[in-house]
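**Student:** I'd like to ask you about the structure that follows.
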Amino acid sequence: MNKKIIAFGASSSKNSINKQLANYAAHLFENVEVELLDLNNYEMPVFSVDKEKENGIPQVVQDFYTKISNADLVVISFAEHNGAYAAAFKNILDWASRINAKTFQEKPMLILATSPGARGGSSVLEIAKNRMPFQGAVVKGSFSLPSFYENFDVVSGIINEDLKNELLHIINSIEF
């Protein structure tokens, strides 16, 4: 039976470049089933203990947590907003951590980031590398794609051979 990968861009942008990168990277693994999530399908109120006390944990949070439970590997590409996580990702993480502080349930994870700029979301990727283990992720690899629009094509994926080979090397090193 094929292993299951849950992949998503940690962004609420409808045309998220991070969602494109997460989808591309997940499909580079062989003999897997990939489910691509869209954080827009998990909209909810901004987390607060008061809202949780009044209304409980929203069903979409339970749904997200269950998706993670059913994954053999999680692939996340982080959007960088002002040097950190996008609000949409931080909100779902805050809510899901109320179900289990180890939100990612000791699942292996590949973390990515990209941006239109030359740093490729490296600030948020560094934050994620340090934080995801505390959230129950077993980070198996990380990759930053700089200058997305110069290095990625919708049809071909990563077009810079050195960057493509770097990502393939990381993917080939991940066992799950």
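Nothing in this text is a laboratory measurement; each read-out follows from the coordinates by a stated rule. Being a predicted model, the structure only gives us computed values, none of them experimental. Neighbour counts run over all protein chains shown; Cβ positions are idealised from the backbone, glycine included.
**Student:** Does E106 satisfy being loosely packed, with under 14 Cβ neighbours inside 10 Å and touching a Gly at 6+ places or on another chain (Cβ under 6 Å)?
**Tutor:** yes
**Student:** Please work out if N23 is among the polar types (S, T, N, Q) and over 17 Å from the mean Cα position of the chain (by Cα).
**Tutor:** Criteria not met by N23.
**Student:** Among the residues of the range 151-165 satisfying the criterion of being outside any strand (DSSP E or B) and touching a residue at least 12 places away in the same chain (Cβ under 8 Å), which is nearest to F29 (Cα to Cα)?
**Tutor:** So, considering only residues that are outside any strand (DSSP E or B) and touching a residue at least 12 places away in the same chain (Cβ under 8 Å), the one nearest to F29 (Cα to Cα) is L163.
Each row is one residue, and each column tells you yes or no for (1) touching a residue at least 24 places away in the same chain (Cβ under 8 Å); (2) of a type outside the set (G, A, S); (3) at negative phi; (4) surrounded by fewer than 16 Cβ atoms within 10 Å (Cβ to Cβ).
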{"position": "N70", "(1), (2), (3), (4)": "yes, yes, yes, yes"}
{"position": "A79", "(1), (2), (3), (4)": "yes, no, yes, no"}
{"position": "N82", "(1), (2), (3), (4)": "no, yes, no, yes"}
{"position": "N91", "(1), (2), (3), (4)": "yes, yes, yes, no"}
{"position": "S97", "(1), (2), (3), (4)": "yes, no, yes, no"}
{"position": "K102", "(1), (2), (3), (4)": "yes, yes, yes, yes"}
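**Student:** Which members of the range 137-176 meet the condition of being over 14 Å from the mean Cα position of the chain (by Cα) and either among the β-branched types (V, I, T) or on the phi > 0 side of the Ramachandran plot (or both)?
**Tutor:** Those that are over 14 Å from the mean Cα position of the chain (by Cα) and either among the β-branched types (V, I, T) or on the phi > 0 side of the Ramachandran plot (or both): S147, V154, V155, G157, I158, I159, I170, I171, I174.
**Student:** A follow-up question, please. Considering only the range 1-12, state which residues are closer than 23 Å to T114 by Cα and assigned to a strand (DSSP E or B).
**Tutor:** Selection gives I5, I6, A7, F8, G9, A10.
The rows are residues; the columns are (1) of a type in the set (D, E); (2) over 20 Å from V155 (Cα atoms).
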{"residue": "A10", "(1), (2)": "no, yes"}
{"residue": "L21", "(1), (2)": "no, no"}
{"residue": "N31", "(1), (2)": "no, yes"}
{"residue": "E54", "(1), (2)": "yes, yes"}
{"residue": "K67", "(1), (2)": "no, yes"}
{"residue": "A86", "(1), (2)": "no, yes"}
{"residue": "N91", "(1), (2)": "no, yes"}
{"residue": "K107", "(1), (2)": "no, yes"}
{"residue": "A113", "(1), (2)": "no, no"}
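**Student:** Can you name every residue in the range 13-47 that is touching an Asp or Glu at 6+ places or on another chain (Cβ under 9 Å), in a loop (DSSP other than H, G, I, E, B) and surrounded by fewer than 18 Cβ atoms within 10 Å (Cβ to Cβ)?
**Tutor:** K14, V46
**Student:** Report yes if some residue within the range 59-67 is crowded, with 20+ Cβ neighbours inside 10 Å and more than 29 Å from I171 (Cβ to Cβ); otherwise report no.
**Tutor:** So far as the range 59-67 goes, yes, one or more of its residues are crowded, with 20+ Cβ neighbours inside 10 Å and more than 29 Å from I171 (Cβ to Cβ).
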